[in-house]
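Only one structure is covered here, and it is reproduced in the block below.
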Amino acid sequence: MNRENTNQTSDEFVVTPWEVRGKVDYEKLMEQFGTEPIDQPLLERIEKHTGELHFMLRRGTFFTHRDMNFILDEWEKGNKYHLYTGRGPSEQIHIGHLVPWVFTKWLQDKFNVKFIFQLTDDEKFVFYEDLDLDDTHSYAIENALDVIALGFDHKKTEIIIDTDNAKTFYRIALPIAKKITFSTVKSSFGFDNSTNIGSIFYTSIQAVPAVLESVRQGKNVPCLIPHAIDQDPHFRLARDVLPRLGYYKPASIQCSFLPALGGPQGKMSASDPTQTVYVTDTPQTVKKKITKYAFSGGQMSVAEHRKKGGNPDIDVSFQWLKILFEPNDKKLDKLEEDYRNGDLLTGELKAILIDKINNFLENHRAEREKARDRLDQYLIQD
Ligand code: TRP
């Protein structure tokens, strides 16, 4: 399979673990996937335990889930869950990847729970023709630095690199793989007879971190997976299979995608440098990309903008501030209002975003360099 392979889920948009294309209708996706909306009672239930709601919950970036109430039921009985998320290391990190990780950090801080992060260098090797195992392994190391840079406490956080941790993983993956048929993965992932058998096996590996703690502790430990919604097919399958092996179904909480620079459609692709900002981009590059490529909801001329105002709902700079870079509701509301009524120009909005991103990245780059010496504190040793 190459990076262009598709699996159409609807006429207008496609969301699979390998591809997101078109203008995603998240309501429809919830229906297709069969996940639950995060409604007011659930938000209140979460807030009861966290004392406040993260802005990604308040603003609906995390909008859907499976079994959050189970996680909270168990929590209230004193049964701690653990967190799990991951990354397929095919590229350097762009800021869209940070959305679920920033949220996971918040959950870890609020609930004081263990977090397992999986780097699937095996996955990216078997799925992408143009990557060899050395490439995906070195991206795994580089991507691990970005996770650590977000401030996860090494006493509560473990990072797995699949090819380095095969000894731990293989024994757990095999019984899972034994319960999954070729026909199931074909229909779940759109595979056919030409799909390589590494890809067919892979989903069993992505299920392992969801039960790793249960295996280690010798009793069932609930698992909560914060992730972008495109990964749901893997976990739908895991939820089907794991109870048949005596484990709990993993729960999940799922977010939408940070829009690509060129327009609020789909998720940004790490392989198109004009559509995204990498965590390693220099301040000049960030400025150039936002100025040149960020889709504007503003009017053609200043005079017209002052008169008619802009549309923050389709303005990518505003959306990036809303989703990731402006946690303060008051400040965000003011920007929205000023933009809508024409007091704030697109150029001014972009300047605010450029500043926010560059401040964030300056700190992030320093932290990820410091993380090089601390990698061993996080990596699981087989
Ligand atoms: N398959 C994911 C990707 O391609 C990587 C991954 C592994 C993952 N485990 C996960 C993502 C758990 C989210 C949650 O990026």
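Within the same chain, aspartates and glutamates fewer than 8 places from Lys308 are excluded, and of the rest, those with a Cα less than 13 Å from its Cα are Glu337, Asp338, Asp343.
To the nearest Å, what is the center-to-center distance of region 48-80 and region 314-340, using C-alpha atoms only? A separation of 24 Å, based on Cα centres.
When the residues Asp376, Asp39, Asp338 are ordered by accessible surface, computed with a 1.4 Å probe over the protein chains alone, the sequence from largest down reads Asp376, Asp39, Asp338.
Using only the heavy atoms of the protein chains and a 1.4 Å probe, how would Arg58, Arg244 rank by accessible area, largest first?
Solvent-accessible surface, decreasing: Arg244, Arg58.
Rolled with a 1.4 Å probe across the full set of protein chains, the surface gives Leu57 an accessible area near 10 Å². To put it simply, the accessible area of the chain at a 1.4 Å probe is 49 percent carbon and sulfur. Between the C-alpha center of region 201-246 and that of region 348-363 there is a gap of 37 Å. Put simply, the convex hull of the Cα atoms in region 283-370 casts, on average, a shadow of 5.8 nm². Given Lys124/Lys179; Lys80/Lys105; Lys322/Lys356; Lys23/Lys350; Lys80/Lys249, which pairs have Cα atoms separated by over 18 Å? Violating the 18 Å limit, Cα to Cα: Lys124/Lys179; Lys23/Lys350.
The ellipsoid that matches the Cα gyration tensor of region 224-382 has semi-axes, each √(5λ) in whole angstrom, of 36, 22, 14, with the longest given first.
Only one residue of Gly309, Thr274, Leu98 has its Cα farthest out toward the positive end of the dipole of the chain, where Lys and Arg carry +1 and Asp and Glu -1 on Cβ, and that residue is Leu98. Placing +1 on the Cβ of every Lys and Arg and -1 on the Cβ of every Asp and Glu, with nothing else charged, gives the chain a dipole about its Cα centre of roughly 680 debye. The convex hull built on the alpha-carbon positions of region 170-306 has an orientation-averaged projected area of 12.6 nm². 3J(HN,Hα) couplings calculated from phi for region 349-354 with the Karplus curve 6.51 cos²θ - 1.76 cosθ + 1.60 (θ = phi - 60°) are, in sequence order, 5, 4, 4, 5, 5, 4 Hz; Gly and Pro show x.
Given in Å, the Rg to one decimal and the Dmax to the nearest whole number for the Cα atoms of region 1-158 are 17.5, 49.
When the alpha carbon gyration tensor of region 40-119 is reduced to an equivalent ellipsoid, its three semi-axes come out at 23, 16, 11 angstrom, largest first. Across the chain, Cα-Cα distances exceeding 29 Å account for 43% of all pairs. In the assembled protein chains, His137 presents an accessible area of approximately 50 Å² (probe radius 1.4 Å).
Where only DSSP H runs of four or more residues are counted, the chain gives -15000 deg cm²/dmol as its mean residue ellipticity at 222 nm, each run worth -39500 (n - 2.57). With 31 Å as the limit, the listed pairs Lys110/Lys219; Lys155/Lys330; Lys156/Lys330 have Lys155/Lys330; Lys156/Lys330 beyond it between alpha carbons. Between Ser199 and Lys156, the FRET efficiency estimated from the beta carbon spacing at R0 = 30 angstrom works out to 0.40.
In what sequence, largest accessible area first, do Leu321, Leu174, Leu245 appear using a 1.4 Å probe? All intermediate terms of the calculation are to be shown ahead of the outcome.
Numbers: Leu321 0, Leu174 75, Leu245 55 Å².
The ranking, largest first, comes out as Leu174, Leu245, Leu321.
Counting only Cβ charges, +1 for Lys and Arg and -1 for Asp and Glu, the dipole size of region 283-370 around its Cα centre is about 340 debye. Computed with a 1.4 Å probe over protein heavy atoms only, the accessible area of Phe191 comes to about 10 Å².
The values are calculated or read from the model by the stated rules, or taken from the named source; none is laboratory data. It should be emphasised that the depicted structure is a prediction, and the values quoted were computed from it without experimental measurement. In this analysis, Cβ positions are derived from the backbone assuming ideal geometry, glycine residues included, and neighbour counts consider all displayed protein chains. Surface areas here come from the heavy atoms of the whole protein model, side chains and all, with no ligands, DNA or RNA. Shrake-Rupley method; radii C 1.70, N 1.55, O 1.52, S 1.80 Å.
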